[in-house]
């Protein structure tokens, strides 16, 4: 073989290798695009794809690559979490000072939310719950219920509330950031989620629904669910840290701090039409409300949690749970006891549901609450 033929063969091999390398890169990036749950990282992947194909794009139009990257940069800016609290978004995360007045979050909190969006934390948590128990056997009831739902194909429901928020253009920070920083002793902050009523009328007086989160903290995931509540203001109030354990001081603060906060924000609150609901460890909040504040709430709603008492109260009691939920075992018996003592009570129950009933049957449960919270 002559030298020229050898050089030509090597050039062809290098060309084929470059083409193969490019297609492998494209394949891996497509896998990453499908894996990521947040639009921030999806757009990062699209930028990397555009970079891989930059020569081909420039071959079509010399300025094409710059235009593509410019559009993707604008898109990335649009999906970044909101830093300002005074936006027109229907769902907002708002930091509060000790008196309940709105303030801007620490910059560190914002940067954490940019690079660690809640969607990705949830996504990684889901895959971790799938993989870790297969490598390290763990006896944990919540993982057993997760596995049950995963085999039924229900875990994908955890992505739906985020999609609902994102497609509505509502990109807020995660309230759990505040809790984690507090838990680490770095900051001492509080943030709440505010969901404005659909077709909000600033002249109208609205009922308020307080939603108290469980152990996982002040997750925005639940706001994607609670957007379906009709004609009311929803305020999600987490604990100071991840504990999920509320005290009478926390419930009293709903009246002394959170209602004035809403009124200072310009909302007209119907103080005679207040509701409270708790999920999982948030049951600590509604059991406290039941025992010491029942005359202040029109409805008290237990979701995937236990009820500790059944004496008659003036509030309507809503109970939501599943037969395969480790936490909901007391709800059916409590429903019968409450009915027998004259308390207005309604039960939403599914024998096949787990601790994740709220995300698995969102539409049905929201309809149940809309009917029975009136």
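Quick note: the coordinates plus some simple rules give every number you see, no bench work behind them. Since the model is a prediction, treat every value here as computed from it, not as a measurement. Note that we place each Cβ from the backbone using ideal geometry, even for glycine, and neighbour counts take in every protein chain shown.
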Between 0 and 90 degrees, rounded to the nearest ten: what's the tilt of helix 3-35 against the longest Cα principal axis of the chain? 10
Inter-probe distance in nm under a simple model that places probes 7 Å from Cα toward Cβ, at residue 270 and residue 144: 4.4
Calculate the FRET efficiency for residue 295 and residue 52 from the Cβ-Cβ distance with a Förster distance of 51 Å, rounded to the nearest 0.05. 0.20
Over the alpha carbons of segment 293-335, what is the largest minus smallest coordinate on each principal axis, giving the biggest first in Å? 32, 16, 13
Using only the alpha-carbon atoms, what does segment 156-241 span along each of its principal axes? Please give whole angstrom values in decreasing order. 41, 33, 21
Gyration tensor (Cα only) of segment 91-372 to equivalent ellipsoid, semi-axes in Å sorted down, yields 26, 26, 17
Just from the alpha-carbon atoms, what are the Rg and Dmax of segment 262-374 in angstroms? 14.0, 44
Using the count of nearby Cβ atoms within 10 Å as a rough guide to exposure, how do 213, 240 rank from fewest to most? 240, 213
With the contact rule set at Cα under 8 Å and sequence spacing of 6 or more, what percent relative contact order holds for segment 91-372? 16
Across 133, 81, 105, the residue with the highest GNM fluctuation in the chain (Cα network, 10 Å cutoff) is 133
